[in-house]
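Read the structure below first, then the notes.
The values are calculated or read from the model by the stated rules, or taken from the named source; none is laboratory data. The structure displayed is predicted, hence computed values, not measured ones. In this analysis, Cβ positions are derived from the backbone assuming ideal geometry, glycine residues included, and neighbour counts consider all displayed protein chains.
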Amino acid sequence: MKWAGMYLVGFVVVIGGVLAALWKLGILARVDPVWIVIAVVIVLGIGIMISVSASGTKENIQIDRK
């Protein structure tokens, strides 16, 4: 698995942990489910953008022709 994929998997695990903690504290019970879904989509989008930008630089290969 590429590093970007590993980063994204780790990001999803962290978000899952945060959501579980908020659920256990009872904070999610007071928030409308639509806003929870919107927040999860936004955070996943940010995670995808960060993982893609951190995936490394693309290098060009130069071939010497004789």
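For residues that are free of Cβ contacts under 8 Å to residues at least 12 places away in the same chain and under 25 Å from Ile50 (Cβ atoms), tally how many sit in segment 6-32.
Result for segment 6-32: 15.
Select from segment 19-34 the residues that are part of a helix (DSSP H, G or I) and surrounded by fewer than 11 Cβ atoms within 10 Å (Cβ to Cβ) and list them in ascending order.
Lys24, Leu25, Ala29, Arg30, Pro33, Val34
Which of the residues spanning segment 50-66 are of a type in the set (A, V, I, L, M) and either at pLDDT 85 or above or in a loop (DSSP other than H, G, I, E, B) (or both)?
Ala54, Ile61, Ile63
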